[in-house]
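The values are calculated or read from the model by the stated rules, or taken from the named source; none is laboratory data. It should be emphasised that the depicted structure is a prediction, and the values quoted were computed from it without experimental measurement. Here the Cβ positions follow ideal geometry from the backbone for every residue, glycine too, while neighbour counts run over all protein chains shown. In case anyone asks, the SASA skips ligands and DNA or RNA and just uses the protein heavy atoms, side chains included. Shrake-Rupley method; radii C 1.70, N 1.55, O 1.52, S 1.80 Å.
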Amino acid sequence: MNSQIYSQSLLLKNSNLKFYRVTDLQDVLALKTSHPEAKIVVGNTEYKTFISKGIETKFKNQHYPTIICPIDIPTLTEIEVKDDYINIGAAVTLSDLELSLRKFVEELPGNCVGGNIMTGSPISDLNPIFMAAEAKLLLMSADSRREVSFDDKFYTGYRRNIAKPEEVLVSVKIPLTSENTFFKTFKQSRRRDDDIAIVNAAMKVTIDIKSLRIDKMLLAFGGMAPTTVLASQTMKKLEGSTWDESITENALNYLSEELKLDRGAPGGMVDYRLTLTISFFFKFYLYVCQEIHDITHNNVRSLSKEEKALIKPYKNIPTKSVQFFDEAKEANKTGVIVRDEEVFASKEVHCVGQIIGLVLATNRQLAQKVAKMVEIKYEELPNPIFTIEDAINANSLWDPLIIEDGNIEKGFSDSKHVLEGEIHIGGQEHFYLETNVHIVIPKEDDEIELISSTQGASDLQTLVARTLGIRSNRVYCKVKRIGGGFGGKQSRSILVAIPLAVAASKMKRPVRLLLERDEDMVITGGRNPFLAKWKVGFDDNGKILALNTEFYANAGYCLDLSEAVIMKAVFNVNNVYKIPNLRVKGQCCKTNLPSNTAFRGFGNPQAVFVMENIVTDICNYLHLSQTKVREVNMYDKSTQVTHFGQEITKNCVRECWKQVCKQSDYEKRLSFVEKFNSENIYKKRGISVIPLKFGVSYEVSFLNQSGALVLVYADGSVLLSHGGMEMGQGLHTKMLQIASRVLEIPIEDIYIAETSTDKVPNTTPTAASVSSDLNGMAILYACKKILKRIQPYKEKMADKSWKDWINAAFMDRVSLSATGFYKVHGQQNKRFFCKLPQSHKNLSYHVDLNALVPFLQTCIWVLRTDIVMDVGKSLNPAIDIGQIEGAFMQGYGLFTLEQLLYTSSGELLTKGPGTYKIPTYMYAGTHDIPREFNVTLLRESSNDRAVYSSKAVGEPPLLSAVSVFLAIKMAVKSTRKEEVFPFDSPATSERIRMACRDWITSKIKFPTNGPFVPWSMEV
């Protein structure tokens, strides 16, 4: 942009908004006088305008008709260092502030920007620093100027302060610290990197070094009230005290009394947040002790090695990895399996997020604005059901699936030991990169063209045709690619697309819809939360003799695919273990929440999670080796039959197991972990190794089929179509490889344009990890047909090229197009009346994890992960290893980070990246990826039932992250006396910390007075 234009003041306006870009401070003050309600923006995170929306405008529906944006005003953008303070302009950006502070960081006590102060977020990372640093604020208006203290009197309430409407924050003055003053900041968030705080703090103390008398103390906290607060009573009581061991006990008592929260306080986690404030102070005490010791060498005791490590700043270590590989009432009804939901809710709305109508407009912004203007009067549903426990108590359940194998009663009577318990597994949001996007184009003769981000093109085609009352041959669905799916776009995307088809058909105009992230999360559901109740009998060696398990899945308000999810969990309840007497029941719970649906792993993660926790509890109860108990229960090499009648052949789980234990040096590292835990109080480690099995197929036989179309043009180029959707998993790449291998031509001569139902009909959804197996075989068969037709020309013209052979065949009127079709062959399962393919995935994984526990905010680091996986003969090792690593990290999120929280009225609270945390990778910052990540593809493995002896890879490795949870559980157990204790998933920082019972948690006095409405709940 031209520098002259950039330095000029501008006014941009429309009918709803005036946006002033101002380059002179006096103009800013004059505008604020004439428009006292105006918002001043620089970074613009909270508010935003025009196309993009911030927190205030998007989620709180606030409208600000006047915006003032100061640009290049020296007074607001300068940083000045004086003899006894630093003056920072209120409009200094964080990046500029960081660059400036790095030049003289040793002289400075803190940093700031004005937007943090004036927006007044109670969890601002900077405001506690300003407050503890005793910052002064310069406020100016057109006719006044005053300097105020930034202390506990500055804020008058949530996002309200003492500044007058016409005043502008011009600069922030922070005094430099004096001698013998110590300053430290703390923060705990759900995720270590790029996350808002649960609680943060800044602490400053001035001490007389000789007597260790506290002359002055400031303790500022965020996340403990509607505003940033000072612990004034605690500060007053501690001033004059001696800085010794007794101060920690006194401070902890004072803080636990002063910073109490109501049980229903916004943000929830009340006991955890109070525990954090106490933990922060303990770390501050250790930090100051070390600083004083470094100065005097004898006034205070020296910290132990572990205590020094406790206060040492976290240093990110980049990941290293090793990879090896050799409109009518009837038409309003819809549903993929059971037609139990409506396109538009007609009489009753069952959950927050159910679609009741569609607003059409000429642009997206107008449609969103009109949608927010719609007012609906509801009658409250009597006794709504949200949790699994609520559904069980109200008998709001679909029919159960029950399997019994052996004699369960005799098994328990023969068991010397019996344990029982229950465990919760939380849900998970798909959080695909691209939210739901659909375009519907009406054409002549009732034709409908759908361009959709769906995993199930044929299902969408069928349901749109049914809703519009037309035949499927008038509807064709096209998918170029989708930006991630993970099961979330298998069926729920259809519910979003059908209303568009209705609108496009009625209006005879194209209609496009793009869901915002929060809308997508509220409408489409996610992974089913599970409750498992279990009872297990075993002998002295840990051999399991009987297992009785009940799975309950929160399905939401309609069945969708939850019944198939619960079936998968029932089938894999035993993981890799042969249990002679087994009973398992799976049941879907009907609740007043958006329908949950398919998600990568499809019931298997929950089942394996439960089984591996049971085995871990057996090991802990008997004080036996985790590896020995697992080995004594594993399926052996001989042909075995599962509890649901499936034969397991070519079982290589023990090969995977032995290899991962050996290459990870498990026994040696286990000894180190046990020694580490016995010698350390403040940090704990855990290590876990588990075997896994994953059955690859659709349980319903008719879905195990696929088609392909191969078109060869006269110039020798090939156009390939198949029934699978490319969604970042490398499916198209593998299909091109297969065609290239069969036809013996370069991949560059082959092209896949899109997936379309008018090219390949009756496709199955791209799901269940079978897309490469199914579509690859169909392509192989189609290409072989082409190859057979041109074989005579290859023989006659052996010295010619592919293009010459094709041209000769064309001139000879030979068909150069072919279809391919493939169906999975398997034995009929008499119990479930479906074909079950005889391909099973056998895998083994290992994780070493370090978790910080008592006195800490609770941060976890995965130090090392070793994975050995059987993928047969890999079609593309680079893609397969990437899939393994990605699936592991998604599972890591499921079992440690990603927590779905709802209000007491059933509205999703965690509906965006600000509140819902997925694993991250930051190049220059911290990240959740294991510090050492080793992936090995099992050698000398094959699969004669899939294309080129490969095996599916998409879903199975997600289960490996169960080992992370179990490693955390081991770390937590080292702080407790019980051998077996309840510990649910996800293992969030809050859940880990509160499971570690110690002298800090004993200080927390949990309120017991009367009933209350919790701020949030898990379902």
Exercise for the section: Please list 859-870, 462-473 highest first by mean number of surrounding beta-carbon atoms within 10 Å per residue. Expected result: 859-870, 462-473
Problem - Semi-axis lengths, Å, the stretch 705-823, gyration tensor of Cα atoms, sqrt of 5 times eigenvalues - result: 26, 13, 12
Completion exercise
Rh_Kirkwood(the stretch 592-679) over Cα pairs, Å, one decimal, evaluates to 16.2 Å
Exercise for the section: Would you mind checking the radius of gyration and Dmax of the stretch 515-650 based on alpha-carbon positions, in Å? Expected result: 17.1, 56
Problem - Full-extension gain in nm, residue 1013 to residue 395, via 0.36 nm per residue minus C-alpha separation - result: 220.1 nm
Problem - Pairwise FRET efficiency - residue 625 versus residue 407, Cβ, R0 = 41 Å, nearest 0.05 - result: 0.90
Practice task
Could you tally the net charge around residue 542, taking each other residue with its Cβ under 14 Å from the Cβ of residue 542, Lys/Arg +1 and Asp/Glu -1?
Solution key: -1
Exercise for the section: Please report, to two decimal places, log10 I(q)/I(0) for the chain at q = 0.10 Å⁻¹ as given by the Debye formula with identical point scatterers on the Cα atoms and no solvent. Expected result: -1.32
Practice task
Using a 1.4 Å probe over the heavy atoms of the protein chains, calculate the carbon and sulfur portion of the accessible area of the stretch 705-823 as a whole percent.
Solution key: 53 percent
Problem - Label-point separation, residue 821 to residue 158 (7 Å along Cα→Cβ), nm - result: 6.2 nm
Fill in the blank from the handout: Share of accessible surface on carbon and sulfur in the stretch 330-410, whole %, 1.4 Å probe and ligands ignored, is 52 percent
Problem - Förster radius 60 Å - calculated FRET efficiency between residue 509 and residue 422, Cβ distance, rounded to 0.05 - result: 0.65
Problem - For peptides 174-187, 122-135, sequence by mean Cβ density within 10 Å, most packed first - result: 122-135, 174-187
Practice task
Take peptides 338-347, 903-912 and line them up by average Cβ neighbours within 10 Å, highest first, as a rough protection proxy.
Solution key: 903-912, 338-347
Practice task
With a point put 7 Å past each Cα toward its Cβ, work out how far residue 246 is from residue 447 in nm, to one decimal.
Solution key: 9.0 nm
Exercise for the section: Would you mind getting me the FRET efficiency between residue 470 and residue 787? Use the beta-carbon distance for r and R0 = 35 Å, nearest 0.05. Expected result: 0.35
Practice task
Calculate what fraction, in whole %, of the accessible area of the stretch 862-904 sits on carbon and sulfur atoms when a 1.4 Å probe is rolled over the protein chains.
Solution key: 52 percent
Exercise for the section: State, to one decimal in nm, how far the label point of residue 93 lies from the label point of residue 10, with both points 7 Å from Cα in the Cβ direction. Expected result: 1.6 nm
Exercise for the section: Go ahead and estimate [θ] at 222 nm for the chain from helices alone: -39,500 (n - 2.57) per DSSP H run with n ≥ 4, summed, over the residue count, rounded to 500. Expected result: -9000 deg cm²/dmol
Completion exercise
Taking N as the number of residues in the stretch 931-978, the ratio of its alpha carbon radius of gyration to 2.2 N^0.38 Å works out to 1.79
Problem - 22 Å Cα-Cα threshold exceeded, pairs from 734/873; 410/568; 734/823 - result: 410/568
Completion exercise
Averaged per residue, the 1.4 Å probe accessible area of the chain, protein heavy atoms only, in Å², is roughly 43 Å²
Problem - Globularity ratio of the stretch 702-760, using Cα Rg and 2.2 N^0.38 Å - result: 1.12
